[in-house]
Amino acid sequence: MSILVTGGAGYIGSHVARLLEERGEAVVVIDDFSSGFRSRVSGQVVELDLGAADATARLIDVMQEHGVSAVVHLAALKDVAESVAEPERYYRVNVGGLGHLLEAMRSAGVHQIVFSSSAAVYGAVQDVVVTERTPCSPINPYGQTKLIGEWMLGAAGDAWGLRAISLRYFNVAGAGWDDLADTAATNLIPIVVARTRRGEPAVVFGDHHDTPDGTCVRDYIHVADLARAHLAAVDTLRCDDGFVGPVNIGTGTGASVREVVTEVSEALGVPTRIRIDDARAGDPAAVVADPSVAAERLGWHARHGLDAIVRSALGVVRA
Ligand SMILES: NC(=O)c1ccc[n+]([C@@H]2O[C@H](COP(=O)([O-])OP(=O)(O)OC[C@H]3O[C@@H](n4cnc5c(N)ncnc54)[C@H](O)[C@@H]3O)[C@@H](O)[C@H]2O)c1
């Protein structure tokens, strides 16, 4: 029996695939290499666009050939600004792609899936601490596609008994292995690292937020911790009466943008340089996960803090 990892050539997916292989699982990766790299995948890999018209038939073949018993579905487009500019493409890949995957799983008799969801499903939250009961109200097409994905999984559960855990990731960063690092530089930590290395000040959007130092507070999660959460979810799904549903994946502790910039500067041994720009409309002052469902239902908790995240990112993020 093997585990199918979609998006396994990507930043997070490659960490998940490697961790599964390290504990002796048979893994087959599916990726179209639109943002992932072949060099990140060592085992079985099938090049396939989940959004393509023939994807369902090809997925059924892969599932049957490899005896797939569970799916970890990470393949998706993830750039929020791009999703605002090109919503149709985001819906085709993220929603249409998941539709093809679920059709194939139903045909091939595969009943377990771990889904890459996101804290983006919550939208502009009012409360600092976000639980899975916090109302979902995404504010961009990217977040909408993730929430629709969760609904699709719930509907498939009702219709044919699919068992799904949706991991709502908070702010993912760092590297578990240097060769699997995030090269996209679209998230805060890689951006700050790149600017600091170039000797440029880090740009901070607003320093009058209602937080201790006035800059926005977020919950940063080490990608190695996140990858472990996927294995815990796979194990939970293997128990027939195990938990299904959404789970926040964060540390429960926030760090401000100023703290991130300071941590990066100290690790690089350079003075902290910050340029304050206008606050961005709709940017919540502070957002932190309540990770207690992950602890209770998956037996998972984060091991790494900001220091380890930044230092692991520094090994690999180039200017
Ligand atoms: N990185 C984050 O901070 C973050 C936060 C929350 C949720 N997520 C979610 O986690 C997942 C993985 O994110 P990542 O940061 O590793 O991104 P990534 O871009 O590095 O990985 C995505 C992978 O999916 C592949 N892919 C994209 N479209 C595909 C398609 N149509 N068919 C097959 N493969 C396709 C890409 O080539 C890539 O290898 C995504 O679903 C993303 O929405 C990421």
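The values are calculated or read from the model by the stated rules, or taken from the named source; none is laboratory data. The structure displayed is predicted, hence computed values, not measured ones. Note that each Cβ is placed from the backbone with ideal geometry, even for glycine, and that neighbours are counted across all protein chains shown.
Just one of the listed residues (Asp207, Asp158, Asp213) is more than 13 Å from the ligand (Cβ to nearest atom) and in a helix (DSSP H, G or I), namely Asp158. In the range 175-204, the qualifying residues are those that are in a loop (DSSP other than H, G, I, E, B) and among the hydroxyl-bearing types (Ser, Thr, Tyr), and the one that is nearest to Gly282 (Cα to Cα) is Thr186. Whether any residue in the range 5-18 is more than 19 Å from the chain's Cα centre (by Cα), touching a residue at least 12 places away in the same chain (Cβ under 8 Å) and more than 12 Å from the ligand (Cβ to nearest atom) is what I want to check. No, that holds for no residue.
Against the numbered list (1) of a type in the set (D, E, K, R); (2) away from the ligand (no atom under 12 Å from the Cβ); (3) closer than 22 Å to Ala302 by Cβ, Arg168 comes up short only at (2). Being in a helix (DSSP H, G or I), surrounded by fewer than 18 Cβ atoms within 10 Å (Cβ to Cβ) and over 17 Å from the mean Cα position of the chain (by Cα) is a property that Asp235 has.
Can you tell me which residue within the range 280-319, out of those that are among the basic types (Lys, Arg) and within 30 Å of Ala164 (Cβ to Cβ), is surrounded by the fewest Cβ atoms within 10 Å (Cβ to Cβ)?
Arg303
Residues in the range 73-82 that are more than 11 Å from the ligand (Cβ to nearest atom) and touching a helix residue (DSSP H, G or I) at 6+ places or on another chain (Cβ under 8 Å): Glu82 only.
Note on the range 238-273: among residues that are in a loop (DSSP other than H, G, I, E, B) and in contact with a Gly (Cβ under 9 Å, 6 or more places away or on another chain), the one that is surrounded by the most Cβ atoms within 10 Å (Cβ to Cβ) is Thr251. Among what's in the range 28-48 and is more than 19 Å from the chain's Cα centre (by Cα) and near the ligand (Cβ under 9 Å from one of its atoms), pick the residue that is nearest to Gly176 (Cα to Cα). Ranking the qualifying residues of the range 28-48, first place goes to Glu47. Restrict the check to the range 103-117 and report whether at least one residue is within 30 Å of Met1 (Cβ to Cβ), aromatic (Phe, Trp, Tyr) and buried (at least 19 other Cβ atoms within 10 Å of the Cβ). So far as the range 103-117 goes, yes, one or more of its residues are within 30 Å of Met1 (Cβ to Cβ), aromatic (Phe, Trp, Tyr) and buried (at least 19 other Cβ atoms within 10 Å of the Cβ). Screening the candidates Ala108, Ala55, Ala70, Ala85 for the property of being within 13 Å of the ligand (Cβ to nearest atom) and in the same structural domain as Gly13 (by TED's automatic domain parsing) yields one hit, Ala55. Which of the residues belonging to the range 103-116 are outside any loop (DSSP other than H, G, I, E, B) and farther than 22 Å from Leu231 by Cβ? Residues satisfying the conditions are Glu103, Ala104, Arg106, Ser107, Ala108.
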